[in-house]
Structure formats: structure tokens, C-alpha cells
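Encoded as C-alpha cells, the structure appears first; notes follow it.
The values are calculated or read from the model by the stated rules, or taken from the named source; none is laboratory data. Just so you know, these numbers come straight off a predicted model, no measurement behind them. Here the Cβ is made from the backbone with ideal geometry for all residues, glycine too, and neighbour counts use every protein chain on show. Ligands, DNA and RNA are stripped out before the accessible areas are found, and what is left, the full protein with its side chains, is counted by its heavy atoms. Shrake-Rupley method; radii C 1.70, N 1.55, O 1.52, S 1.80 Å.
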Amino acid sequence: MSVLKSTVESYRSTIFEYRHALHRIPETAFSERRTSAFVEEQLSKLGLELETGIAQYGLTGLMRGEGPGAKDGKTLMIRADMDALAVTEETGLPWASTHEGLMHACGHDGHMAMVMGAALVLNTMKDRLNGRIKFLFQPAEEGPGGAKPMIEAGVLDNPRVDYALGAHLWPALEQGKIGIKEGPLMAAMDFFELTISGKGGHGAMPHLCIDPVDTAAQVINGLQRITSRQMSPISPTVVTIGSIHGGSSYNIIPDTVQLQGTTRTFDRDIWVSWPQRMEQIIKGICESMGAEYSLNYQPGYPPTLNDAEMAELAGQCAIRVVGEEHVTSPEPTMGGEDMSFYLEKTKGCFIFLGTGRPGCAPLHNSSFDFDEEVLLTGVELFAEMALTLLR
Ligand SMILES: [Zn+2]
Ligand SMILES: [Zn+2]
């Protein structure tokens with residue numbers, strides 16, 4: 001067994017305890033107060049240079065390497081997200097949530113345990129680190145997004161971050177596998193609200209009304225034409241209307257209809273083109289029907305794009321951790337991640353750690369859980385990456 005593997009192994013129970021402690025106290029976006037305090041307490045035991053209260057509950061811990069070239073070396077950031085979800089836990093685990101109606105159903109408790117575990121392990125190997133490591137814990141990944149305000153608060157500066165790493169526990173990938181892919185891994189993700197206003201009246205007399213329900217139906221169909229007719233068939237995009245509200249009775253044409261939805265794409269140029277493309281269709285249809293509209297289009301997260309060199313290096317490190325047969329190029333997903341904001345500014349890589357078992361619950365499900373062995377794999381991979389990048 002390598003020195004690294006045996007060091008990770010020696011912290012097995014501590015890493016699991018981190019996860020259990022955090023799993024018990026889930027907190028949603030921008031309310032991660034107890035979570036942040038727990039992480040701070042653990043990192044302060046390692047003597048890291050801490051900065052707290054970033055973008056409310058975000059924090060960073062800086063570890064300075066003690067290798068001969070440490071002073072002039074590079075800085076690696078390893079990132080975890082801290083927020084949980086408004087889900088009532090049904091796992092029955094001994095460390096189940098003690099916060100009613102809230103649950104770490106996206107594995108962010110595991111992400112934090114892994115990054116804290118990597119700090120524990122690397123703290124014993126500082127003489128091999130020719131550079132610095134910034135361990136970063138951010139709020140609100142599940143939205144509205146904590147990465148952007150963390151960056152605006154300067155987490156990528158002083159010292160300037162050269163490389164960024166992060167990982168997500170991933171049930172769509174078989175347990176024991178590590179998924180690494182260069183280029184697009186996760187999609188850009190936006191949100192929009194649309195109100196269509198007509199003129200209400202009797203359902204039997206549509207000619208005296210401007211029907212926003214009928215107009216909304218045409219708009220929904222029209223928006224699907226963006227993905228099917230405007231986009232290249234080999235560049236995947238999604239427009240989903242997830243919510244539609246209007247009307248109160250079968251025989252009354254209402255005044256307004258409200259819709260909400262999301263768009264997805266892997267392509268930065270398409271990403272920035274959504275509002276204009278959507279408005280063109282909505283405007284055309286509404287005008288033709290005599291209806292009015294108001295569109296509130298909110299850009300969410302950019303696409304998560306992995307740097308080719310970093311993905312290559314991560315792949316080599318992953319092979320050393322789990323063996324070649326367990327390293328795979330995962331299918332990208334139209335889900336979004338605000339890790340993408342760091343990857344826009346810094347060479348980096350976001351990695352999937354397989355937790356998939358037959359019949360296992362998906363992310364965001366009240367029964368979501370994973371075999372904690374994956375946490376040790378994640379810690380070792382982060383540490384291996386750090387030792388390689390800062391050799
Ligand atoms: Zn999630
Ligand atoms: Zn997540």
C-alpha cells in the first residue's frame with residue numbers, strides 16, 4: 001500500500017465522522033451557519049490560515065507547503081459546497097438529519113468531508129508540497145449560487161489560484177468508478193418567468209377576449225422550436241417549462257397566464273443567446289394574438305467546462321488511485337453546477353465519483369445515500385492531484 005493510501009486509511013473514521021456530523025445538521029442555501037462553524041473548527045485544528053464569513057457562510061483555509069520550492073510555487077484550490085435541500089429524509093440512518101424538513105440529499109456533506117479529509121492528509125505531507133492549497137467551502141450551490149459571490153469577494157486572489165478542483169458524488173456512475181472528462185461536463189442553466197396578459201371573459205365568447213391560455217400554448221410550442229429548429233442537432237439544448245398557472249374555471253378565459261422554466265446548453269455562445277432567441281418568439285406570437293407579455297430572464301450558471309490538460313492529469317492521478325479499469329469518461333449531464341464559475345477563471349477540473357448501486361436512490365431523493373468508501377477514494381484523489389500539481 002502506498003504511503004498516501006495508508007495515510008488516507010489512517011483517517012478513515014475521522015472522515016466518516018465529519019460526514020455524519022455534517023449530515024445531521026443540513027442547512028439550505030445561504031443559511032449554512034452551523035455547517036460553516038463545524039468546518040471552521042476542524043480546519044483551525046490544522047493550523048490553516050482561515051478566512052470566514054465570505055459570501056455569508058463561505059470559508060477558506062490556506063495551507064502553505066514546506067517543500068524547497070514552496071514559496072514560488074503554484075496555488076491549488078480544492079472546493080466543496082455546503083448547502084443541503086428542503087427534503088424530508090427517509091434513509092433511517094443513525095446519523096439522519098436532525099433538522100426537520102431538511103436533508104443533505106445531494107451529497108454535499110460528503111463533498112465537505114472529502115475536502116476536510118484531504119486537508120488532514122496533506123497536512124502530514126507539507127514537505128512534499130511546493131506551493132499552497134486553498135481549501136474552499138462555499139454556500140448555496142443549489143441556487144442562487146455561492147461561487148460567484150465568493151469569487152467577487154476575492155477567493156481566487158491573495159494568493160492567486162492557479163488550479164481549481166472539485167468533485168460530485170454521482171449515482172449515475174457505478175460505485176468505485178471515477179468519471180473524468182475534458183470539455184463540457186455539465187450544462188449552463190438559466191431560469192425565466194413569463195407572464196402573458198390578454199383580456200379575460202366568457203369561455204363561450206372567445207372573439208370578445210384575448211385568450212392568454214391559448215397564447216401560452218403557442219408560446220410553449222414556439223419555444224421548443226428553438227431547440228428543434230434553431231440549434232444544431234449535434235449540440236444538445238433544453239427548454240423546459242416546469243410551471244404554468246392561469247385560470248380559475250372551465251368556462252372563464254383568464255386575464256393572465258404565468259409560466260416558469262429553465263434552459264440548458266453546453267455552449268457558451270448559445271448560453272448568452274437564449275434571452276434574445278426566446279424574446280423573438282414570445283414577442284412574435286404575443287403580438288400576433290394581441291396579447292402582451294413580460295419576460296424576466298435570469299442567467300444562472302455557465303457551462304461546466306473542464307480544462308483538457310487538467311482532465312488529462314486528473315485521469316492519470318485517478319488511475320494511480322483506483323486502477324485504469326475504474327477510470328472512465330462519463331456521459332455529460334444537462335444538470336448545472338456553479339463550480340463552472342471557478343472554471344471560467346482558473347484551469348481546473350470537476351470530477352464525478354461513482355456511487356451508483358443497483359436500485360440506489362438518485363440525487364435530491366429523500367432516500368439518497370452512498371457507500372462511504374467513496375469518500376476515501378475522493379480524499380486520495382484530491383491528495384494525489386495536490387502532490388502531483390505541487391511536486
Ligand atoms: Zn443538487
Ligand atoms: Zn450537488
In the list GLU331, GLU309, which residue meets the criterion of being closer than 27 Å to VAL155 by Cβ, open to solvent by 10 Å² or more (accessible area, probe 1.4 Å) and charged (D, E, K, R)? GLU309
When the stretch 156-167 is examined, which residues are found to be out of contact with any strand residue (DSSP E or B) (no Cβ under 6 Å at 6 or more places or on another chain) and touching a residue at least 40 places away in the same chain (Cβ under 8 Å)? LEU156, ARG160
For GLU325, are the conditions met, namely being touching a residue at least 24 places away in the same chain (Cβ under 8 Å), more than 16 Å from ligand 1 (Cβ to nearest atom) and open to solvent by 20 Å² or more (accessible area, probe 1.4 Å)? no
Could you please give the count of residues in the stretch 164-194 that are over 18 Å from the mean Cα position of the chain (by Cα) and more than 24 Å from HIS364 (Cα to Cα)? 1
Being in contact with a strand residue (DSSP E or B) (Cβ under 6 Å, 6 or more places away or on another chain) and over 16 Å from ASP338 (Cβ atoms) is the filter here; which residues of the stretch 71-102 pass it? GLY73, LYS74, THR75, LEU76, VAL87, GLU89, SER97
Examine the stretch 119-139 for a residue that is assigned by TED's automatic domain parsing to the domain that holds LYS45, within 14 Å of ligand 2 (Cβ to nearest atom) and out of contact with any helix residue (DSSP H, G or I) (no Cβ under 6 Å at 6 or more places or on another chain), and state whether such a residue exists. yes
Considering ILE244, ILE252, which residue is touching a His at 6+ places or on another chain (Cβ under 8 Å), farther than 24 Å from GLU344 by Cα and open to solvent by 60 Å² or more (accessible area, probe 1.4 Å)? ILE252
The number of residues in the stretch 360-387 that are of a type in the set (A, V, I, L, M, F, W, C), within 16 Å of ligand 1 (Cβ to nearest atom) and touching a Leu at 6+ places or on another chain (Cβ under 7 Å) is 1
Hits in the stretch 48-68 (condition: in a strand (DSSP E or B), open to solvent by 50 Å² or more (accessible area, probe 1.4 Å) and of a type outside the set (A, V, I, L, M)): GLU49, GLU51, THR52, GLY53, ARG64
Let me confirm something: among GLY146, GLY176, which residue is assigned by TED's automatic domain parsing to the domain that holds VAL321, under 22 Å from GLY354 (Cα atoms) and not hydrophobic (A, V, I, L, M, F, W, C)? GLY176
Give the stretch 71-88 a look and list any residue that's among the charged types (D, E, K, R) and within 16 Å of ligand 2 (Cβ to nearest atom), or say none. ARG79, ASP81, ASP83
Taking ALA37 as meeting all but one of (1) without any contact (Cβ under 8 Å) to a residue 60 or more places away in the chain; (2) in contact with a Phe, Trp or Tyr (Cβ under 8 Å, 6 or more places away or on another chain), write down the number of the exception. (2)
Checked ARG357, ARG391 against criteria (more than 22 Å from the chain's Cα centre (by Cα), away from ligand 1 (no atom under 16 Å from the Cβ), more than 13 Å from GLY166 (Cβ to Cβ) and open to solvent by 50 Å² or more (accessible area, probe 1.4 Å)); the one match is ARG391
From the residues in the stretch 26-47 that are in a loop (DSSP other than H, G, I, E, B) and open to solvent by less than 20 Å² (accessible area, probe 1.4 Å), which one is nearest to LYS126 (Cα to Cα)? GLU32
Spot the failing condition for GLY143; the list is (1) modelled with pLDDT of 95 or more; (2) open to solvent by 10 Å² or more (accessible area, probe 1.4 Å); (3) among the small types (Gly, Ala, Ser), and only one is missed. (1)
